[in-house]
Structure formats: C-alpha cells, structure tokens
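Novice: Dumping the structure here so I can ask a few things about it.
Read-outs throughout are calculated quantities, based only on the coordinates presented, and are distinct from any laboratory measurement. Predicted, not measured: the structure shown is a model, and the values here were computed from it. Glycine gets a Cβ as well: all are built from the backbone with ideal geometry, and neighbour counts include every protein chain shown.
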Amino acid sequence: MKQHFSLRASVCLALASMASSSVLAAGFQVNEHSANGFGRAMAGQAATPENASILATNPAAITEFKTAQFSAQVSYINPQVDIRGDMDVAVYNESGEVLFANTYDASEEDIATSAAVPSFFYTAPVNDKVSWGIGAFSNYGLATDYSDSYNGLHFADDAEVTSFTLNPVVAYKVNDTLSLGFGLNVTYAEAEIGTAIPQAFGALLGSDALGNATIVKMSGDDVAFGWNVGALWQATETTKLAFSYRAETELNLEGEIESDLGAIIPEVAELYNQGGSLDLDLAAITEVAINQQLNDEWSVQASVVFTEWSAFDKLNAELDSGDDLLLKEEDFEDSLRLSVGGTYLYSDKITLRAGYAYDDGAVSYEHRSLSIPDTDRHWYTVGATYALTESTSIDMAYAYIKGREAAVSQQRTIGTIVSDLTATEHAKANVFSLQVNTSF
C-alpha cells in the first residue's frame with residue numbers, strides 16, 4: 001500500500017512538470033508578425049508604419065496609410081534545442097536503504113520542432129481622421145517532443161501549444177502629429193502535453209511493460225478576449241515616437257486528463273482520467289519605440305519591450321470531481337527585450353535592413369526545467385524589401401537567434417525510484433520570413 005500511495009504522489013509531481021511545459025517552452029512567445037520588422041530585429045516596430053503588419057504592434061499607426069493596405073506573412077522557424085547531461089537514479093526500500101544505483105545518460109538532440117507561422121493584415125481609411133483594420137496572427141506557441149527512448153521522460157515528454165488571435169482595431173488622427181488606436185483581441189488556444197515513464201524504469205518498477213506508459217496527459221482549449229492600445233507621435237519632421245500596450249489575456253483551458261497508471265494503481269484511475277481545466281494567463285506586453293530619420297537614405301530604429309511574466313506565478317488545475325490541484329509555483333520574472341536596427345533606402349526598388357536584439361529570459365535557475373528551455377537570447381537579423389510595382393512589394397528577412405547556455409537541476413520520484421538530473425540546455429534558431437504587401 002505504501003508503494004501505491006508513493007506512486008500516486010509521483011503522478012502529482014509528474015503532472016506539475018508536464019503542466020510547466022505547456023506554458024513556457026521553445027517558441028512560447030511568438031514575435032514573427034512582420035518580415036520587414038523582423039529584418040531589423042523588430043527595433044522601432046511600433047513607430048515604423050511601412051505596411052499593414054504594423055497593426056499587430058501599434059493600432060494607432062494605421063492612420064499613416066492613405067489607401068487600403070494588405071499584408072500576408074509567413075515565417076519558418078527552425079529551432080535546435082539540445083539537452084546534455086546525466087541522471088543519477090537510486091531505488092530505495094521502505095527502510096530508506098539503497099537497493100540499486102546507476103547513472104543514466106540524460107542527453108537529447110533537437111527537442112523543439114520546426115514550425116511555419118503565418119499572419120494576415122488589412123487596414124483602410126474611413127476618412128481623413130479615422131482608419132480601421134483587422135489582423136490574424138499568433139502571439140504564443142510551442143512544440144517540443146522527446147524521443148521514446150529518452151531516459152528523462154518523467155521530467156518532460158511532449159508538448160504542443162497553439163494560439164490564434166483576431167485583432168480588429170480602430171485608429172483616430174487627433175491632429176497632424178498625434179494618432180491614437182484601440183483594438184479588441186479574440187484569442188483561441190489549444191494545448192496537448194504529457195509525461196511518461198522512461199523505458200529504463202519499467203524493470204525497476206517490476207514490469208518492462210510500464211516503459212513509455214503515460215503518467216499524465218492533458219489536452220484542452222479555450223477562447224478568451226483582451227484589448228490593446230497604441231499611440232504614434234510625430235515629434236519632429238524626422239522623429240517618430242510610439243507607445244503600445246497589449247493587455248493580459250486570461251485563458252481557462254478546458255479538456256481531459258488521461259493516465260495509463262490506473263491499471264496498477266486503482267485510486268489513480270478515476271482521479272487522473274476525467275475532465276478538468278487549467279488557468280493560463282498570457283502576459284501583457286508594453287513597447288516604447290523610436291524611428292529616427294537621418295537623411296533621405298538612412299534611418300535608425302530602437303525599441304524597449306517589457307513583458308509582464310510576473311503575472312504567471314502558479315499553475316492550478318480544477319478537476320470535474322471538485323479536486324483543486326496546485327500543480328506548480330512558477331514565480332516567473334518580468335522580462336525586457338532591447339533592440340536596435342537600421343534601414344537603408346538603396347534605391348527606389350530596394351530597401352535594406354539589419355538589427356540586433358537582446359531578449360531577457362523569464363525563467364530563473366531555480367525554476368528552469370527540461371520542459372522550459374527558456375534563457376537569455378541574442379538576435380542577429382537582416383532583411384530587404386523589393387518593390388515589384390508602385391503598389392506591391394515583397395519583404396524578406398533572416399534571423400539567427402542564439403540562446404545562452406542554461407543549467408538545469410531537477411529531482412523526481414516515481415514510487416521508490418528517486419532520480420536527480422543535472423544538465424545544460426543549448427538553444428539556437430534560424431528564422432526565415434517572407435511577406436507580400438499591396439495597397440489599393
């Protein structure tokens with residue numbers, strides 16, 4: 001009986017690690033909305049209205065367009081996130097004596113999967129003062145997957161979170177130098193995440209058949225609403241300043257919890273195979289930006305982006321049975337992204353861009369896990385625009401994103417098996433963006 005209760009406690013621990021993977025893994029915050037903006041590392045994006053994709057960053061800026069605008073963008077994100085480390089495993093008897101001890105390899109290559117991220121934008125003036133528009137894009141998403149043979153599946157297995165936002169906006173030109181904008185956000189999000197028993201643990205638990213058995217898998221979805229505002233100020237003939245704010249979106253993901261362990265732990269069968277929900281708050285984002293024209297060919301841009309990750313302090317699941325489970329105290333920290341870039345008008349048809357950004361991670365060492373490959377990042381980007389006609393252009397951008405090496409130290413218990421993992425995460429990504437713009 002002690003073995004069963006210990007296993008049940010381990011399911012709760014595994015559920016906590018699984019839930020954390022659902023909310024912060026590689027690519028959780030998506031920035032790929034604009035190929036032209038991405039070419040300069042999104043520096044000055046809120047203050048640089050080049051096409052309709054500005055809507056995602058600053059709704060006020062759409063008053064700069066005198067005709068209807070349409071932009072369609074797709075970014076291909078190719079991340080490489082590798083784990084290198086070891087896991088010390090010990091099996092104890094009821095007296096606390098070590099019956100078995102071994103060290104297992106805890107390394108894994110390419111845990112984050114590639115993804116294509118599209119976005120679409122349309123804006124149009126109503127009159128000289130009022131403009132409106134609508135955007136369809138994603139602000140958050142992830143996809144990670146460890147192989148079936150990975151020795152640390154009870155720390156992290158697979159996770160996939162997708163989101164899609166419709167953002168209708170309206171903007172008002174207060175005077176010749178100031179515009180204000182307001183938008184509503186309708187966000188749909190779905191998630192499927194899980195943890196499993198490592199193959200190597202099957203025999204230790206008494207049956208090889210337990211290897212790769214699902215400890216817990218959760219899936220759910222929700223639709224939630226939010227809002228955003230922006231301001232664009234023409235401070236001088238050559239200087240644009242901007243402010244934008246996208247409010248926190250509060251999701252309640254409703255779905256199912258599943259586990260294979262009910263066959264050997266009867267009290268787990270009902271508790272972890274039922275409906276439930278999980279609150280997930282998408283952090284508020286604030287940007288302050290500048291676009292400074294130097295001469296007819298050159299301009300420089302800069303942004304400070306503040307993301308309020310501190311709102312994400314814990315994960316709490318509510319099961320249909322009425323049980324309320326505090327899964328994990330997250331205690332994330334607010335983060336900053338600092339970016340600078342330059343734009344060069346090479347000719348009437350070609351515009352060139354380059355940029356750099358420092359992106360501060362939101363996860364501290366004590367809260368970092370295998371399922372949260374989040375760390376400080378450096379962006380190095382280049383881009384270009386080619387004007388096909390007077391009304392149609394193509395934007396292209398490439399970014400190399402390099403993450404700082406991050407240490408991970410975790411402990412998990414499954415029955416009488418205690419495992420201590422020590423590893424480092426190595427992350428980098430190549431991002432390619434393509435966009436077409438037209439006015440009419």
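Novice: Compute the signed sum of charges (Lys and Arg +1, Asp and Glu -1) over the other residues within less than 11 Å, Cβ to Cβ, of Thr162.
Specialist: So the environment of Thr162 carries a net charge of -4.
Novice: Lysine pairs in the chain with Cα distance under 14 Å, only those 8 or more apart or on different chains: how many are there?
Specialist: Within the chain, the lysine pair count is 5.
Novice: For a label point 7 Å from the Cα of Phe440 along Cα→C-beta, name the residues of segment 95-132 whose backbone N is under 18 Å from it.
Specialist: Residues 120-126, 132 qualify, since their backbone N sits under 18 Å from the label point.
Novice: Starting from the 7 Å offset along Cα-to-Cβ, what nm value, one decimal, do you get for the label separation of Asn78 and Thr422?
Specialist: 3.5 nm
Novice: Test of understanding: extend the Cα→C-beta vector of Glu237 to 7 Å, then name every residue of segment 254-291 with backbone N under 19 Å from that spot.
Specialist: The answer is 291, whose backbone nitrogens lie closer than 19 Å to the label point.
Novice: Let me know the Rg and Dmax you get for segment 118-260 when you use only its Cα atoms, in Å.
Specialist: Values for segment 118-260 (Cα only, Rg and Dmax): 23.4, 76 Å.
Novice: Please check the chain for the longest run free of trypsin sites (Lys or Arg not before Pro) that are loop-located per DSSP (anything but H, G, I, E, B) and have at most 16 other Cβ atoms within 10 Å.
Specialist: By the stated rule (loop sites, at most 16 other Cβ atoms within 10 Å), 130-348.
Novice: With springs connecting C-alpha atoms under 10 Å apart, model the chain as a Gaussian network and identify which of Ser219, Ser299, Ser339 has the largest mean-square fluctuation.
Specialist: Ser299
Novice: While we're here: Grab the other residues whose beta carbon is less than 13 angstrom from that of Gly202, score K and R as +1, D and E as -1, and report the net.
Specialist: Net of charged neighbours comes to -3.
Novice: Multiply the residue separation of Asp279 and Glu318 by 0.36 nm, subtract the distance between their alpha-carbon atoms, and state the gained length in nm to one decimal.
Specialist: Length gained between Asp279 and Glu318: 13.2 nm.
Novice: Over the chain, with a Gaussian network built from C-alpha contacts below 10 Å, which listed residue (Leu210, Leu99, Leu352) shows the highest mean-square fluctuation?
Specialist: Leu99
Novice: Can you tell me how much longer the chain between Asp110 and Ser207 gets when fully stretched, taken as 0.36 nm per residue apart minus their C-alpha distance, in nm with one decimal?
Specialist: Net length gain for the segment: 32.0 nm.
Novice: Same structure again: Dividing the Cα convex hull volume of the chain by residue count, how many Å³ per residue is that?
Specialist: Output value, Cα hull per residue: 123 Å³.
Novice: Another one. What shape does segment 231-372 have by the C-alpha gyration tensor, where a ≥ b ≥ c are the square roots of the eigenvalues, rounded means a/c under 1.5, and otherwise prolate means a/b greater than b/c and oblate the rest?
Specialist: In terms of gyration-tensor shape, prolate.
Novice: Could you work out the local net charge near Asp128, counting Lys and Arg as +1, Asp and Glu as -1, over the other residues with Cβ closer than 10 Å to its Cβ?
Specialist: Local charge sum for Asp128: +3.
Novice: For the chain, take the longest principal axis of its alpha carbons; what is the angle in degrees between that and the long axis of helix 2-21, to the nearest 10 within 0 to 90?
Specialist: With both axes taken from Cα atoms, the answer is about 10 degrees.
Novice: Another question, if that's okay. Please compute the length gained on full extension between Trp298 and Asp376, using 0.36 nm multiplied by the number of residues separating them and subtracting their Cα-Cα distance.
Specialist: 25.1 nm
Novice: Could you tell me whether segment 293-431 comes out rounded, prolate or oblate from its Cα gyration tensor? Rule is a ≥ b ≥ c as square roots of the eigenvalues, rounded for a/c under 1.5, then prolate if a/b exceeds b/c, otherwise oblate.
Specialist: prolate
Novice: Checking the a/c ratio against 1.5 first, then a/b against b/c, what shape does the Cα gyration tensor give for segment 129-172?
Specialist: prolate
Novice: I need the calculated FRET efficiency for the pair Ala90 and Glu248, taking r as the beta carbon distance and R₀ as 35 Å, to the nearest 0.05.
Specialist: Computed FRET efficiency for Ala90 and Glu248 comes out at 0.25.
Novice: What residue among His154, His33, His426 has the largest mean-square fluctuation in a Gaussian network model of the chain, using Cα springs under 10 Å?
Specialist: With Cα springs under 10 Å in the chain, the top fluctuation among His154, His33, His426 is at His426.
Novice: Could you list the GluC sites (Glu not before Pro) in segment 50-153 that lie in coil according to DSSP, counting only those with at most 15 other Cβ atoms within 10 Å of their Cβ?
Specialist: Counting only loop positions with at most 15 other Cβ atoms within 10 Å, the GluC sites (Glu not before Pro) in segment 50-153 are Glu94, Glu97, Glu109.
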